[in-house]
1. Under the condition of being among the small types (Gly, Ala, Ser) and assigned to a loop (DSSP other than H, G, I, E, B), which residue from region 3-23 is farthest from residue 221 (Cα to Cα)?
2. Could you tell me which residue of region 211-249 is modelled with the highest pLDDT, considering only residues that are over 28 Å from residue 190 (Cβ atoms) and open to solvent by 50 Å² or more (accessible area, probe 1.4 Å)?
3. Those residues that are surrounded by fewer than 14 Cβ atoms within 10 Å (Cβ to Cβ) and either modelled with pLDDT of 95 or more or among the aromatic types (Phe, Trp, Tyr) (or both), I need them from region 96-123; list them, please.
4. Do you know which of the residues in region 11-31 that are touching a Lys or Arg at 6+ places or on another chain (Cβ under 9 Å) and modelled with pLDDT of 95 or more is most open to solvent (accessible area, probe 1.4 Å)?
5. What number of residues within region 32-50 satisfy the criterion of being surrounded by 21 or more Cβ atoms within 10 Å (Cβ to Cβ) and under 16 Å from residue 72 (Cβ atoms)?
6. Looking at 47, 39, 34 in this structure, which one is modelled with pLDDT of 90 or more and small (Gly, Ala, Ser)?
7. Answer yes or no as to whether residue 82 is modelled with pLDDT under 95, on the phi < 0 side of the Ramachandran plot and of a type in the set (Gly, Ala, Ser).
8. Quick check on region 68-95: of everything there that is open to solvent by 50 Å² or more (accessible area, probe 1.4 Å) and either touching an Asp or Glu at 6+ places or on another chain (Cβ under 7 Å) or not in a helix (DSSP H, G or I) (or both), which residue is farthest from residue 32 (Cα to Cα)?
Amino acid sequence: MSRSALFLPASNPRAVEKARTLDCDVAILDLEDAVAPEAKADARAAAVEAVRAGGFGPRLGVRINGLDTRDGADDLRTLAEAGVGLIVVPKVDARTAQILNALRPQGIALWAMIETPRALAQLDAIASLHGLEALMLGVNDLAAELRTGPSPDREPLKPWLAATVAAARAHGLLAIDGVYNAFTDAEGFAAECAQGRLYGFDGKSLIHPSQIAPANAAFSPSEAEIAWARAVVAAFASPDSRGKGAIRVDGQMVERLHLSVAERVLAHLDRRT
């Protein structure tokens, strides 16, 4: 599962050690935005050491620097040699996707960050990238480059929320929503998680451990959803429903497509337990 993907600076030893015990689904050691230019090499070495040492409860990933920089190429090569299982690539567009295809880090899952207008225009090409597992929205960079104004409900970004999810679904990928900067605003964070789930995202990028539990809850099936899914699966399993494309469940008509949705909800529940 990828309900909660927490970014932590690879250059901060205390943060890296804390990441080993957190309840996020994915811990992402950051070599890009969270690290000053003069500290890039040291941060890379720390990330390599963390990957080799292991011992993380959450799945471990590393966000490298952009592939249009020397640091990015060095990050990718060094971490691949260290045996990292997941690399998050910032500011991906069709050109950087071609670079990744050429480098082909075998056995490493890739998450592509959608952070530029060019990426929005090339979503299908990016989503076709070999080895790609997820599209992750970088909302801060995207809003800055689009020059959008502030909006509590992300009004200017709504078309791109939907487009990113659609591209991910078209290629069988995960869709990870962007960060919420005001980490002390629990109510605002909960609202944005609900919005992300409404749009179809599988999880959310996080910047603070306090966001883990609410993100995990928001992107997990609710008790009502679980009850509905169990009722639908049971109804279609009944001998009376054999061969039927649509049946009645709790006063509503449901079709075979709803059975697929219900089975997906219960599969998510199985992975969580």
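The values are calculated or read from the model by the stated rules, or taken from the named source; none is laboratory data. Given the structure is predicted, the values throughout are model-derived calculations rather than measurements. As a convention, Cβ positions derive from the backbone with ideal geometry for all residues, glycine included, and neighbour counts pool all protein chains shown. Just so you know, the surface numbers come from the protein's heavy atoms only, side chains and all, with ligands and any DNA or RNA stripped out. Shrake-Rupley method; radii C 1.70, N 1.55, O 1.52, S 1.80 Å.
1. Just the residues of region 3-23 that are among the small types (Gly, Ala, Ser), to begin with: 4-5, 10-11, 15, 19.
Okay, now just the ones that are also assigned to a loop (DSSP other than H, G, I, E, B), so 10-11.
Values: 10: 32, 11: 35 Å.
My answer is 11.
2. Kept after step one, since they are over 28 Å from residue 190 (Cβ atoms), are these residues of region 211-249: 233-249.
Now narrow it down to the ones that are open to solvent by 50 Å² or more (accessible area, probe 1.4 Å): 234, 237, 239-240, 242-244, 248.
Numbers: 234: 76, 237: 76, 239: 80, 240: 72, 242: 77, 243: 73, 244: 72, 248: 77.
Going through the qualifying residues, I end up with 239.
3. 117, 121
4. For region 11-31, the residue satisfying everything is 25.
5. Count: 6.
6. Working: 39 fails: modelled with pLDDT of 90 or more; 34 fails: modelled with pLDDT of 90 or more.
Residue meeting the stated conditions: 47.
7. Values: modelled with pLDDT under 95: yes; on the phi < 0 side of the Ramachandran plot: yes; of a type in the set (Gly, Ala, Ser): yes.
Yes; evaluated as a whole, the condition is true for this residue.
8. So, considering only residues that are open to solvent by 50 Å² or more (accessible area, probe 1.4 Å) and either touching an Asp or Glu at 6+ places or on another chain (Cβ under 7 Å) or not in a helix (DSSP H, G or I) (or both), the one farthest from residue 32 (Cα to Cα) is 83.
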